[in-house]
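Below is one structure; the comments refer to it alone.
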Amino acid sequence: MINIQRHEIRTATFVWLLLLAFTLATYLIATYVPFGPAIVGIVLGVTFFKGRLVICHFMGVRYCRPVWRVIMMAYLLVVGSVITLAYLAAPVINH
Amino acid sequence: MLSSEDMPRQVKSRHAALPGDFAIWIFIFAELAMFGVFFMVFAITRTLDYRVFEASQRTLDRSLGAIDTAVLITGSYAVVRAVYAIRRGVARACTRWLAVAIGLGGTFLFLKMYEFHQDALQGITLSTNTFYMFYLSLMFLHFMHVLMAMIILGVVAWKAHAGYYSAIDHAGVETAASFWHMVDLIWIILFILVYVLH
Amino acid sequence: MQFKSQAVAKPYFIAALGLFIGQIILGLLAGFEYINGTALFPYLHFNMARMSHTNLLVVWLLMSFMGAAYFVVPDEAQTELYSPKLALATFWIFLIAGALTILGYLTMSYSHLAAATYNALWPTMGRGYLEQPLPTKIGIVLVMLAFLFNLTMTIIRGRKTTIGVLLVASMWGVALLYLPAFYFPVDTVKDSYSWWWIVHGWVEGDWELVPASLVGYIMLKTTGVDREVVDKWIYIIGAMAFMSGFLGIGHHYYYIGAPAYWLWIGSIFSALEPVPFLLLIVFAFTTIRNRRRDHPNKAALLWVQGETIMAFLGAGVLGFIITLAPVQYYAHGTNLTAAHGHLAFFGAYVMISLATISYAMPILRGREANSIAAQRWEMTGFWVMCVSMLVIASALAAAGLVTIFLQRYTANPLPFMEVQQKEAVFFWIREIAGLGFFTGLLIYLRSFFVKGGYNYAAYAQQAMSTR
Amino acid sequence: MQTIFTKAMARNVFLGGAGFFLIAYLALSYDTWQQIPKRDHANLITPAVAEGKYLVDTNDCMGCHTINGEGAYYAPELDVSYKTYGPAFIRAWMMSQPTGAPGRRQMPNFHFTQDQLTDVIAYLQWVGNINTNGWPPNKQG
């Protein structure tokens, strides 16, 4: 039972570090790279992946009935895509 | 990375129920729906009110936002470790990890209060402009959620310390953990929406 | 009827139905004044009819809620009511105060009523639903205090179940939320802001616990579902109601002078307000579908199912239509709000009162359920009233739309009275549907006078022959 | 693992959720309360306006009319009355009631003295200047 525990903890730690890395990455992109449609896409892709990590690993939804995972992923997709569209459309509309 | 496929099958069944008490998940879904609508309305209003949003978004301190995110993610990590600890039946470790999470939550609240204070100094209120209305409403609602999550963690930590939970019966810890992760998930999207994208 | 003191509910129910008849008659008169402004004018100004119509509604709903509480709480707490005598005394005080107030509305002009009842001492008169003179307001508070004292002492002594506790808590909410009626600032914006604590606080917050707990109680008693399931549903419905309701009050603050952020917060949270009514439908229908026993009182079950549907239509759907700020910019202060008001009040609160009366009255009269004939009258009354109210709401909604497209959302807006003239046909339809509703009510009341209890043998034999 | 759904947690969600949003509402109300005097020029509430409001209330004008969209829908919105029709017209109109035109909606005559009429008109003027976020859409109300 113990080695399974150790594995679980290692996975959690890895996910944690991954999330921190992604946060740092988005911060650096946002600060130093001039914004364009591609960057918006990348940042939101990263955010979707971060959300997926938190939901599946931290929240443990990964080991639940698939219906819950589908609901949470659908949520991330809907909210993410609306935000992406809005942020892509904004500069176009206002010029 | 050891993927979970080669995990012993019987340990990680694919059809477990949602961790913790289902009632909290109803609350989580309601909150996610509410914040989701708020985010979408924010994004759409930004498109229509582009100039104001652009100008105001620049005034925000992105590094502080990044630190907040890091603090909350580490808090979530601590909560996950607490859940693993109680699953092993080690209540002491669980309490310690919960205490770490509460400490990080307190740090987040402190940073947020600092930001609110800065805003107040510059005379920014809910009625300054549409962006700040959204910004302050979202931050305020999220702040309250972090506070509530910390209270729940506190109660659960005290009960764990008092020995209420064991390897078999620890639904309370998982319930508190789920709520905290929801608050962290909301912040991750909020951070991108308000601080990063412009 | 397990406890003698539950009989105290009977006078409350009878008085409630009596006041209900009065409310509908005054509604018909007010509706008639929309069609012909001069015929009744010298005797009955429109505001008198409207005041009496709304106040009778509130009084009879409170009567039926009190009756329901006096019937349910002793049964839930498994103990006799603390003081049946106090309950009867409160009943007569409340009935007389209510009747006198309505008489005051109808017999003299409002300013005379205000002068006669020392309104200058502590001005509280003049707001919608709160037109009662000062003595009546104080009387209502005293009646509520006595009622709460009675109920709370009963539930303290007895078993504390979720249904009992939530019902008593909601009654405390009703009383406490009535107190802002005594706060009447000169600043109209603060006046409106606090007025909504009462109106919104009652009908979109505290009162939503009443159908939740009463539907739960009737489900418990008629379908034999276990209490644990019912309790969870009630808590979740209550949680959704309060979580969306507290900030949902913002949809009243859009255009009365409150700051602009209410447009966003009000819209987002009140958009979630139909959720508890949806959950109520799911709860009622799933519980009835997998019921463990066939209760002979079919009428009560029909009322409960109807209540959840009509409440969702009136409060949920019609409410959502006018709740978003951009829509309400044009719909604010038009008959669309009246359409929502009528269908929501009828669907959510009138029907739960009639459902409780329909369930409790046979028991109060010593039998499990009324005879098949009586139930058939009752169900006919149910359908006639429901259809009539849907027609009333539709007619008012149509009138509201005409106002929007001729007076507001248009390049050359017409004056108010011209637009109202163009809506005359809808006011005719509303009045005729009102007469239909009154007929439905009379049919419903006829069912109480059909003799005979539920004849199991006859029903069983009839059931065997058809199966 | 069987789904856990305890009544105790449902109750906690009910109490926690309700208390949480009540606090949020109180915080927003505090901010609103600070801003209302600025938004509706509370400093312009003269004794005449206050008396006008008392007359409007004790004669149940909101039983037929609406102010800021609240009241009964039997008669026109009063929020725009001062700007649309002006004080002189309002005074003459109220004194000439009821019109008695057959079938049309009637307004009773409140037998106000000239001073009372001035107060009511002052109140209507004050109500007209409340910042109601741009409502109503046009001067017809």
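The values are calculated or read from the model by the stated rules, or taken from the named source; none is laboratory data. Keep in mind the model is a prediction, meaning the values are calculated, not measured. In this analysis, Cβ positions are derived from the backbone assuming ideal geometry, glycine residues included, and neighbour counts consider all displayed protein chains.
Some notes on this structure:
- Spans of helices (runs of 4 or more DSSP H) in the stretch C:166-276 with at least 3 residues farther than 17 Å from C:ILE352 by Cβ, in contact with a helix residue (DSSP H, G or I) (Cβ under 9 Å, 6 or more places away or on another chain) and without any contact (Cβ under 8 Å) to a residue 60 or more places away in the chain: C:188-203, C:227-248, C:261-270
- Residues within the stretch B:64-81 that are farther than 14 Å from A:THR13 by Cβ and more than 7 Å from chain A (Cβ to nearest Cβ), tallied: 7
- Failed item, numbered, when D:TRP135 is tested on (1) out of contact with any Cys (no Cβ under 7 Å at 6 or more places or on another chain); (2) under 27 Å from C:GLN421 (Cβ atoms); (3) free of Cβ contacts under 8 Å to residues at least 60 places away in the same chain; (4) in a loop (DSSP other than H, G, I, E, B): (3)
- Per-region count, the stretch B:1-42, residues at pLDDT below 85 and not in a loop (DSSP other than H, G, I, E, B): 4
- Helices (runs of 4 or more DSSP H) wholly inside the stretch C:325-432 containing at least 3 residues that are under 21 Å from the mean Cα position of the chain (by Cα) and of a type in the set (A, V, I, L, M): C:335-344, C:351-364, C:372-403
- Test: residue in the stretch D:81-89 that is more than 9 Å from chain C (Cβ to nearest Cβ), at positive phi and not in a loop (DSSP other than H, G, I, E, B): yes
- Some residue of the stretch B:153-163 being surrounded by 20 or more Cβ atoms within 10 Å (Cβ to Cβ) and more than 14 Å from B:ALA101 (Cβ to Cβ): no
- Taking the criterion of being more than 7 Å from chain C (Cβ to nearest Cβ) and without any contact (Cβ under 8 Å) to a residue 12 or more places away in the chain, no residue of the stretch D:52-80 qualifies.
- Residues satisfying the stated conditions in the stretch B:103-124, i.e. within 14 Å of chain C (Cβ to nearest Cβ) and surrounded by fewer than 16 Cβ atoms within 10 Å (Cβ to Cβ): none
- Conditions (1) more than 7 Å from chain C (Cβ to nearest Cβ); (2) assigned to a loop (DSSP other than H, G, I, E, B): number failed by D:THR118: (2)
- Selection within the stretch A:79-95: residues that are more than 7 Å from chain B (Cβ to nearest Cβ) and in a helix (DSSP H, G or I). The member of this set that is farthest from A:THR13 (Cα to Cα) is A:VAL92.
- With respect to being within 7 Å of chain B (Cβ to nearest Cβ) and surrounded by 20 or more Cβ atoms within 10 Å (Cβ to Cβ), A:LEU19 fits the description.
- For the residues D:LEU15, D:LEU44, D:LEU26, the requirement of being more than 7 Å from every other protein chain (Cβ to nearest Cβ), surrounded by fewer than 16 Cβ atoms within 10 Å (Cβ to Cβ) and under 17 Å from C:VAL186 (Cβ atoms) singles out D:LEU44.
- Residues being of a type in the set (A, V, I, L, M) and buried (at least 24 other Cβ atoms within 10 Å of the Cβ) are represented in the stretch C:333-341 by at least one member.
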